[in-house]
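Below is one structure, written out as structure tokens; the observations come after it.
The values are calculated or read from the model by the stated rules, or taken from the named source; none is laboratory data. What you see is a predicted model, and the numbers here were worked out from it, not measured in a lab. So basically every Cβ, Gly included, is an ideal-geometry build from the backbone, and we count neighbours across all protein chains shown. Side chains are part of the model used for accessible areas, which takes the heavy atoms of the whole protein and leaves out ligands, DNA and RNA. Shrake-Rupley method; radii C 1.70, N 1.55, O 1.52, S 1.80 Å.
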Amino acid sequence: MKSLNFASMIAAGALIAIAAVPCVISAQNLESSQILHPSADSWPLYHGDYSGKRHSSLTQITPQNVGTLTLSWAFQTNQPAQIKSSPLLVDGILYFTVPDNVWAVDARSGHMLWHFNHPTTEGDHIGHRGVAMYKGWLYFTTPDAHLLSLNAKDGTLRWDKVIADVKKGYWSTMAPLVVKDHIIAGVGGDLDNLPGMLRSFDPDTGALQWEWDATAPTGTPKGTTGGTTWMTGTYDPELNLIYWGTGNPTPVLNGATRPGDDPWTCSIVALNPDTGKLAWGFVASPHDTHDWDAVETPVLVDADFHGQPRKMLMQSSRNGYFFVLDRTTGKSLLTTPFGPTNWAKGVDAEGHPIPDTDKEPAPDGRLIAPDEGGMTNYRAPSFDIEDGLWGKGVIEAIDYQTGKIRWTHDVGNGGSGAGVLTTASGLTFTGDGIGNVIALDSHDGKTLWHAGSGAGMQSSPISYELDGRQYIMTSSGTLLFAWALPQNPAPQASK
């Protein structure tokens, strides 16, 4: 793709978006059956479906033709905040966010249909992951930890409910999870000594249905706080369990006041979505003193494990360990590092890393691997049954049977903020550290296509098909991009 053409296409796409005026969408509705079984022309949940695999079954774009991928349209938000959200796609309309803002955009053209703004001055405006949708309504969290319900047709506000008290230090950046008649939302706030929580709200009225607390209340003797729930979880309809990762304990670096493993911080938990009751929990970083939360996506996979059919949960955790659990019971099947780690003495019989007390923070310093940033973070992974793909400073394909690394792909100095999308045709889409959108061969990690986007990617790609045409959607900085194969030119009339 020539840079001149690329620039002109971006300008045209942005102009269309700016010139668009709000209008009423004729049909927008998302039923539970459509969430349970997403069609090719939809992306109805943050992860695409309940499993968290972020794997598309679409095959029109292949390793053989991806080199011809071209820009279909681009949309400019004209906001200072970078796009970190994954768009939802329902009935041909894309919904995406930055803090305090929601847009509805035509998925075929990039034409803006409406824009909702709800300015807040309190809370943390660090980023925003997206919206949830149920029936004709959108659900949107705000930096001051409110949950809003909007009309999907025109963006008008239906109700506004408090998730948690911003005055205490809570905020919310996540895309809620819709499970049956529950809108489930979590909180951030690990800069303060606050207990993490999940709350479920009635989709029609916004009434609180239940609350699950990750830790005991603030001030509990020898207790910990923390365990924030700031990323979107996953759901198994057969077991009727939701799975969520939780944040670090607080105070973060001083573990002396909170002895023990500090459950349920830095943990993966399974909850009943109808009651909020805990079914099981697994502590990924016992007694964490390095800010290595375990909010990373709990990916759900049904497959054989060492020759036995299993309902598994997999997570590449910020502490540098890759976990495979039986998601029915929470029992460990595999725990292994997926990069350099030196903070643990080993792994116990239940699959938990054993912290080395000599690696805890000290006035004279300690050399730790990974560093405080962790070996991965919020970036969405993708699961392909041929591999297991996880995004970080390099892209890794992990064999979930053994934990062995099949291949790696360097994304440049400083790493990348991009998540990962895989497709059934054998492609992996992500972003590198210098502002390129890249397509890799899922079998060996080799680059097949790239395009400069002008800024680093801080979101996770999605894919959808409309009118027989497959699109790959990415964002960089304040721009949303829709990529597709060139359309066949119209036949010339014979003379």
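Filter the range 187-223 down to residues that are open to solvent by 10 Å² or more (accessible area, probe 1.4 Å) and part of a loop (DSSP other than H, G, I, E, B), then give me how many there are.
18
Can you tell me which residue in the range 269-290 is nearest to LYS345 (Cα to Cα), limited to those that are in contact with a Lys or Arg (Cβ under 9 Å, 6 or more places away or on another chain) and open to solvent by less than 10 Å² (accessible area, probe 1.4 Å)?
SER285
Kindly check whether there is at least one residue in the range 152-171 that is among the basic types (Lys, Arg), on the phi > 0 side of the Ramachandran plot and open to solvent by 10 Å² or more (accessible area, probe 1.4 Å).
No: the range 152-171 contains no residue that is among the basic types (Lys, Arg), on the phi > 0 side of the Ramachandran plot and open to solvent by 10 Å² or more (accessible area, probe 1.4 Å).
Could you list, in sequence order, all residues of the range 339-354 that are part of a strand (DSSP E or B) and crowded, with 21+ Cβ neighbours inside 10 Å?
The one that is part of a strand (DSSP E or B) and crowded, with 21+ Cβ neighbours inside 10 Å: PRO353.
Can you tell me which residues in the range 291-309 are closer than 30 Å to ILE368 by Cα and either surrounded by 24 or more Cβ atoms within 10 Å (Cβ to Cβ) or touching a Ser or Thr at 6+ places or on another chain (Cβ under 6 Å) (or both)?
Result: TRP292, ASP293, ALA294, VAL295, GLU296, THR297, PRO298, VAL299.
Residue by residue through the range 50-66, note down the ones that are out of contact with any helix residue (DSSP H, G or I) (no Cβ under 8 Å at 6 or more places or on another chain), open to solvent by 10 Å² or more (accessible area, probe 1.4 Å) and either in a loop (DSSP other than H, G, I, E, B) or within 14 Å of GLN487 (Cα to Cα) (or both).
SER51, LYS53, SER57, LEU58, THR59, GLN60, THR62, PRO63, GLN64, ASN65
Can you pull out the residues in the range 310-338 that are assigned to a strand (DSSP E or B), of a type in the set (S, T, N, Q) and surrounded by fewer than 20 Cβ atoms within 10 Å (Cβ to Cβ)?
SER332, THR336, listed by residue number.
Restricting the search to the range 134-161, which residues are part of a strand (DSSP E or B), charged (D, E, K, R) and closer than 23 Å to GLY123 by Cβ?
ARG158, ASP160, LYS161
Report yes if GLY13 is of a type outside the set (Ser, Thr, Tyr), at negative phi, at pLDDT 95 or above and not in a loop (DSSP other than H, G, I, E, B), otherwise no.
No: the conditions fail for GLY13.
Confirm whether ALA482 is small (Gly, Ala, Ser), part of a strand (DSSP E or B) and either farther than 15 Å from ALA397 by Cβ or open to solvent by 10 Å² or more (accessible area, probe 1.4 Å) (or both).
Against the criterion (small (Gly, Ala, Ser), part of a strand (DSSP E or B) and either farther than 15 Å from ALA397 by Cβ or open to solvent by 10 Å² or more (accessible area, probe 1.4 Å) (or both)), ALA482 qualifies.
Determine whether GLY226 is over 17 Å from the mean Cα position of the chain (by Cα) and in contact (Cβ under 8 Å) with a residue 24 or more places away in the chain.
yes
Specify which of the listed residues (ASP274, ASP288, ASP262, ASP304) is acidic (Asp, Glu) and either at positive phi or at pLDDT below 95 (or both).
Answer to the selection: ASP262.
Determine if the range 405-415 includes at least one residue that is open to solvent by less than 10 Å² (accessible area, probe 1.4 Å) and not in a helix (DSSP H, G or I).
Scanning the range 405-415, I find at least one residue that is open to solvent by less than 10 Å² (accessible area, probe 1.4 Å) and not in a helix (DSSP H, G or I), so the answer is yes.
Determine if the range 355-368 includes at least one residue that is within 24 Å of the chain's Cα centre (by Cα), more than 22 Å from SER86 (Cα to Cα) and in a loop (DSSP other than H, G, I, E, B).
No - not one qualifying residue is present in the range 355-368.
Kindly list the number of the only condition in (1) touching a His at 6+ places or on another chain (Cβ under 9 Å); (2) modelled with pLDDT under 95; (3) hydroxyl-bearing (Ser, Thr, Tyr) that fails for SER172.
Going through the list (1) touching a His at 6+ places or on another chain (Cβ under 9 Å); (2) modelled with pLDDT under 95; (3) hydroxyl-bearing (Ser, Thr, Tyr), SER172 breaks only (2).
I'm trying to understand the selection: among the residues of the range 417-449, which are surrounded by fewer than 17 Cβ atoms within 10 Å (Cβ to Cβ) and either at pLDDT below 95 or part of a strand (DSSP E or B) (or both)?
Listed by number, the residues that qualify are ILE434, ASP441, THR447.
Just a yes or no: is a residue in the range 380-390 under 27 Å from the mean Cα position of the chain (by Cα), open to solvent by 30 Å² or more (accessible area, probe 1.4 Å) and more than 30 Å from LYS84 (Cα to Cα)?
No, because not a single residue in the range 380-390 is under 27 Å from the mean Cα position of the chain (by Cα), open to solvent by 30 Å² or more (accessible area, probe 1.4 Å) and more than 30 Å from LYS84 (Cα to Cα).
Output the residues belonging to the range 210-222 that are closer than 15 Å to ASP192 by Cβ and out of contact with any Phe, Trp or Tyr (no Cβ under 6 Å at 6 or more places or on another chain).
THR215, PRO217, THR218, GLY219
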